[in-house]
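Colleague: Before I ask anything, here is the structure I am working with.
The values are calculated or read from the model by the stated rules, or taken from the named source; none is laboratory data. Just so you know, these numbers come straight off a predicted model, no measurement behind them. Cβ placement follows ideal geometry from the backbone for every residue including glycine, while neighbour counts extend to all protein chains displayed. Accessible surface areas use protein heavy atoms only, side chains included; no ligands, DNA or RNA. Shrake-Rupley method; radii C 1.70, N 1.55, O 1.52, S 1.80 Å.
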Amino acid sequence: MEMYEANYIRLRKLCGAKNAMPAIAVSRVPQGMDLYLQVLEQTRYTSTIALTYYFPDAKSGLLAYPNLKLRIYYDALQAEVLSQTFRNKNINNCAYRPKTNPSLPNRWHLNRFLFKWLSYCDRQGHSFVENDRLRQNRLLTEDTVTP
């Protein structure tokens, strides 16, 4: 459970408060990949978000990877990976291949990956918090769409 708590802390630092989180946003940092955030659902005590990079792909144009679907639990102060999918931009080749093995070791690996990835995003300077003066990123929220 400690990892779920650490992921919560890292996600709150990256995304900010629940009510201030943009519905769709892109964080751009010098010398780094654009990080995409999309809020999929918000309830009183949770937020479900998608977090990904988009890589160029010769076959389909763009590949969303790692494309994690995450749930943030504000009452329990925890966050977890719900699923990981691969999505190609080309509609003819738009295949979701969920990696949703509910086994404990698989869940642990996905959440451990999230733990490390969020640390990496923090070191790069990514943030979805408006006017985050401590970061060197550029936050795009207006007229932003996910590819």
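Colleague: If you take every residue apart from residue 44 with its C-beta less than 14 Å away from the C-beta of residue 44, what net charge results, scoring Lys and Arg +1 and Asp and Glu -1?
Modeller: Neighbour charge sum, excluding residue 44 itself: 0.
Colleague: Also, quick follow-up: Treat every Asp and Glu Cβ in the range 1-73 as -1 and every Lys and Arg Cβ as +1, leave all other atoms uncharged, and give the resulting dipole magnitude about the Cα centre to the nearest 20 debye.
Modeller: Using only the charged Cβ atoms, the result is roughly 160 debye.
Colleague: Given a 1.4 Å probe and heavy atoms of the protein chains only, how would you sort 41, 2, largest accessible area at the top? Could the numbers behind the result be given before it?
Modeller: Details: 41 90, 2 150 Å².
Most to least solvent-accessible, the answer reads 2, 41.
Colleague: Multiply the residue gap between residue 41 and residue 119 by 0.36 nm, knock off their C-alpha separation, and tell me the result in nm, one decimal place.
Modeller: Fully extending the segment from residue 41 to residue 119 adds 25.7 nm.
Colleague: Here is a further query. Using R₀ = 22 Å, calculate the FRET efficiency as 1/(1 + (r/R₀)^6) where r is the Cβ-Cβ separation of residue 55 and residue 140; round to 0.05.
Modeller: It comes to 0.75.
Colleague: Which of 33, 8, 22 sits closest to the plus end of the dipole of the range 1-50, meaning its Cα is farthest towards the positive end, when Lys and Arg get +1 and Asp and Glu get -1 on the C-beta?
Modeller: Projecting each Cα onto the dipole axis, the largest value belongs to 22.
Colleague: Test of understanding: what is the full-extension gain from residue 24 to residue 131, defined as 0.36 nm times their sequence separation minus their Cα-Cα distance?
Modeller: 36.9 nm
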